[in-house]
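The numbers here are math on the coordinates, done by the rules we state, and not lab data. These figures come from a predicted structure and were not determined experimentally. When we count neighbours, we look across all protein chains shown, and the Cβ atoms used for this are built from the backbone with ideal geometry, even at glycine.
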Amino acid sequence: MRIGIDVGGTFTDFVLLDDASGRIETWKCLTTPRDPSDAIEEGIDALSKAVPGCVARLEEVIHGTTLVINAIIERKGAKTGLLTTRGFRDVLEIGREIRYAAYDAFAEFPEPLVPRERRLEANERVRADGEVIEPLDEAQAREAARALSAMQVQSVAVCLINAFENPAHEQALKRILAEECPGASVSISTEVLPQIREYERTSTTVANAYVKPLTERYLRRLAARLKGLGLRGRLFIMLSSGGVTSAEIAAEYPVRIIESGPTAAVIAGEYYSRLFNSPEMFCFDMGGTTAKSCLIQNGVAGVVPTFEVGRVQRFMKGSGLAIQVPVVDLMEIGAGGGSIARVSRLGTLQVGPQSAGAEPGPICYARGGAEPTVTDADLLLGYLDPDYFLGGAMSLDVAGARRGVEERIAGPLGVSYLDALWGIHDLINETMAAAAKTHIAERGGNPKALTVVAFGGAGPVHAYGLAKKLGAPRLVVPPNAGVGSALGFFTAPRAFDLARSHKTPFDDADFAALEELFRRLEAEGEATLRQAGAAGEIRFSRSVDARFIGQGSETTLPIAERDLRRLDAQTLRRRFDETYARLYGRTYPESPVEFVNFRVRASLPVQELELPQRETPKVARLADAKKGARSAYSARARDFVPHAVYDRYRLFPGAAFEGPAVVEERESTVILGEGARARIDARGFLWIDLPETSA
């Protein structure tokens, strides 16, 4: 047995899988922000009652968490110091010297995670080729380490200029810090990110150091609680790049799990794309706090080498902290069920990005929330059953939600109650669709060929409206969609990504030496996986980042050859030109090209997930799945109209019906508009064809 646990900003999702029988059990409960392991224990207790003895049979607990990113955004990490080369103390504030808003005189930048008084310098210098110009002054370095100790730092980041070509000085500082600051954890850049670009390398190493003590404590506490519940198996953590690693590796490199939670839905989407041979699938996961989406092409989601955290302006590139680790190419929007609706200073309706979260939550949760949210509007529009939320485990306060919308939205805006409700629901759909169209276009996708797949508690409620705005022809909602993203944990490979910077022109490259560099990376990747308990054959995939000499950004080239010595500069240059021309429309044959980064992914084969087939009952009647009818809002009629309500668990393979309709399961609700046609396939997936007029 295996269990996937996805801790979100509002809810914590659980999926228990019995690989032998294919049986799946699910659970969903409110997240406990002060200590996420409280909600995890609550959910495992609930599953233990449904499947007695399951904890003792668990081989794996696979966990995705927002702990790291939340700690950075909320500035709740460790008291951190930084040791860097003399003259580079202010790299974190200088950054790339680019203003993200060129004409905004008041544009703000995020405060560095380490204030200037805790950024100290070491006397040393290494050239770009790794040659030592100035040896490390150990006496001065010890003095700096003692100064950090006197400041009572809990963690120290070490990032020296050009250390990726020669790590000797960073390793010496790591030893000195262990002696002079014995209570502090240490992160050195040559272990966290041995790559070029001084600002990104420093920012990433600092972020790792900032969250390392917190992550170590949390994972240690979680492991102890799981052991107390009877767990004999191992705890694994989802990486931001889509792989899975051990809790020990995650604790050492917490910056690699910074997007751990949102990644699970994308991995599930990749699995469904391959399962249904869907060349273009748009993965849409909307929870209580945010909506995440990703374009999946030919069964693969893109992975980007860098992203930003804690943006001052949420959608403004350059206004956040740069983190350079492999991350699934997600688009995140401040749009969830808990997104708060307000009247802006301009007298217009605004929804999000602020969220009511799990505490206090939307007004209808009756947990102290006072501001209306998207979930409140969905409830009042008739899309949610107040007596069947979370399968009836949580009843919703309709009267309180109505008062909130009337007093805080309809009244101040001077609009009808109904217009206020639909405005909240439709505005959040419009916000998500606008961002999604840009995301799809930038990746060469075609909205009219997309299959939208919906996850999350709020995703199936909004997916039909989103698909209409995108012009997508079809929508698919998996079984247990409300916790469906957690299913992605079971389809993710045990993997680890490594990279090293080493600049050398193609024409001057020693391919035998570069092959040795690749082999060292592969050996390091294998050692990391073995340390995480991996057994079996480990596979390696190689790639290089290359660029025109003098260019500021790189182009990634996959390397299929298992021995780089079989390649020559001319063959590699031809591949570079072909790739560059495909991406940018032309290339520059007269300009020389250089290697910049060498990348390796070490992974184990994915354990194939077999979704159970459902049997069609001998007497298959759609009427048996119909719970009745409910009055819900219709955008076409601009009023409430009767919607047929179906029990998702009673819908059988081959069942077909048309909208307007509502399909309910414990953790989520699917809305279909007029003219939509729905059918259930052999695995229980709900396929919805949108009317052509909506395209």
Here the Cα Rg-to-2.2 N^0.38 Å ratio for region 576-668 is 2.17
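Ratio to report: Rg/Rh of region 429-548, with Cα atoms as the point set and Rh obtained by the Kirkwood method; give two decimals. Could the numbers behind the result be given before it?
Numbers: Rg = 21.4 Å, Rh = 18.6 Å.
Computed over Cα atoms, the ratio is 1.15.
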Per the rule of 0.36 nm per residue minus the C-alpha distance, extending Leu413 to Ala656 adds in nm 83.3 nm
Phi-derived 3J(HN,Hα) across region 68-73 with the Karplus relation (6.51, -1.76, 1.60, θ = phi - 60°), rounded Hz, x for Gly and Pro, is 5, 5, 5, 5, 6, 4
Asserting the computed 222 nm helical MRE of the chain (DSSP H runs at least 4 long, -39500 (n - 2.57) per run, divided by residue count, to nearest 500) equals -9000 deg cm²/dmol
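Mind jotting down a quarter of the surface of the convex hull over the alpha carbons of region 132-205, in square nanometres, one decimal?
On the way: hull surface 18.7 nm².
With the hull built on Cα positions only, its mean projection is 4.7 nm².
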With a Förster distance of 22 angstrom and the Cβ-Cβ distance between Phe640 and Ser395, calculated FRET efficiency to the nearest 0.05 equals 0.55
Label model pair Asn123, Arg86: point-to-point distance (7 angstrom along the Cα→beta-carbon line) in nm is 0.5
So the FRET efficiency between Phe106 and Thr348, C-beta based with R0 = 22 Å and rounded to 0.05, is 0.50
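When the Kirkwood radius is taken over all Cα pairs of region 76-215, what Stokes-Einstein diffusion coefficient follows at 37 °C and 0.692 mPa s, in µm²/s?
On the way: Rh = 15.2 Å.
Taking Rh from Cα pairs, D becomes 216 µm²/s.
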Amide H neighbours of Ala635 at under 5 Å, excluding residues fewer than 5 places away on the same chain, with H built from the backbone geometry, are none
Taking R0 as 45 Å and r as the Cβ-Cβ distance between Ala46 and Val304, the FRET efficiency 1/(1 + (r/R0)^6), rounded to the nearest 0.05, comes to 0.75
Taking Cα pairs closer than 8 Å and at least 6 residues apart, the relative contact order of region 622-694 in percent is 23
With the label point 7 Å along the Cα-to-beta-carbon line of Leu517 and a cut-off under 13 Å to each amide N, the hits in region 463-500 are 499-500
Here the residues of region 87-131 lying in the modelled label zone of Ala139, meaning backbone nitrogen under 16 Å from a point 7 Å along Cα-to-Cβ, are 123-124
Checked against the positive end of the charge dipole of the chain (+1 on Cβ of Lys and Arg, -1 on Cβ of Asp and Glu, about the Cα centre), the farthest of Leu396, Thr245, Val7 is Leu396
Taking N as the residue count of region 387-476, its alpha carbon Rg divided by 2.2 N^0.38 Å gives 1.35
Amide H proximity to His63 below 5 Å, modelled H, separation 5+ or other chain, gives Ile5, Phe236, Ile237, Met238
Rounded to one decimal in Å, the inverse mean reciprocal Cα-Cα distance for region 1-91, i.e. its Kirkwood radius, is 15.4
quick shape note, the chain: Cα extents on principal axes in Å, largest first -> 79, 58, 54
Counting only DSSP loop positions in region 13-104, the chymotrypsin sites (Phe, Trp or Tyr not before Pro) whose Cβ has at most 15 other Cβ atoms within 10 Å are Tyr103
Residues meeting the amide H criterion for Ala629 (H placed from the backbone, H to H distance under 5 Å, 5 or more places apart or on another chain) are Val645
The farthest towards the positive end of the charge dipole of the chain, of the residues Thr84, Gly336, Val544, given +1 on Cβ of Lys and Arg and -1 on Cβ of Asp and Glu, is Gly336
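By DSSP, what percent of the beta bridges with both residues in the chain are antiparallel, rounded to the nearest 5? Please list the in-between numbers first.
On the way: 87 of 122 bridges.
The antiparallel fraction comes to roughly 70 percent.
So what is the diffusion coefficient of region 622-694 in µm² per second by Stokes-Einstein at 25 °C and 0.890 mPa s, using a Kirkwood Rh over Cα pairs?
Here the translational diffusion coefficient equals 197 µm²/s.
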Going residue by residue through region 88-98, the Karplus relation 6.51 cos²θ - 1.76 cosθ + 1.60 with θ = phi - 60° gives ³J(HN,Hα) values, rounded to whole Hz and with x marking Gly or Pro, of 10, 5, 9, 4, 4, 8, 5, x, 9, 6, 10
For region 44-104 the GluC sites (Glu not before Pro) that pass both the DSSP coil test and the at-most-10 other-Cβ-within-10 Å test are Glu74, Glu97
Semi-axes a, b, c in Å (a largest) for region 349-425, each sqrt of 5 times a Cα gyration tensor eigenvalue, come to 20, 14, 10
Sorted largest first, the C-alpha extents of region 13-146 along its principal axes in whole angstrom are 64, 43, 31
Here Rg/Rh (Cα, Kirkwood) for region 495-603 equals 1.01
So, relative contact order of the chain in percent, Cα under 8 Å, 6 or more apart, is 12
Within region 180-222, the residues whose backbone N lies under 18 Å from a label point placed 7 Å from the Cα of Arg146 along the Cα-to-Cβ direction are 180-184
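Give me Leu450, Leu418 sorted ascending by neighbouring Cβ count inside 10 Å, so fewest comes first.
The most exposed by this proxy come first: Leu418, Leu450.
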Put in order of increasing Cβ neighbours within 10 Å, starting from the fewest, Asp137, Asp545 give Asp137, Asp545
Taking alpha-carbon centroids only, region 65-83 lies from region 6-22 a number of Å equal to 26
DSSP beta bridges in region 76-215: the antiparallel percent, rounded to 5, is 15
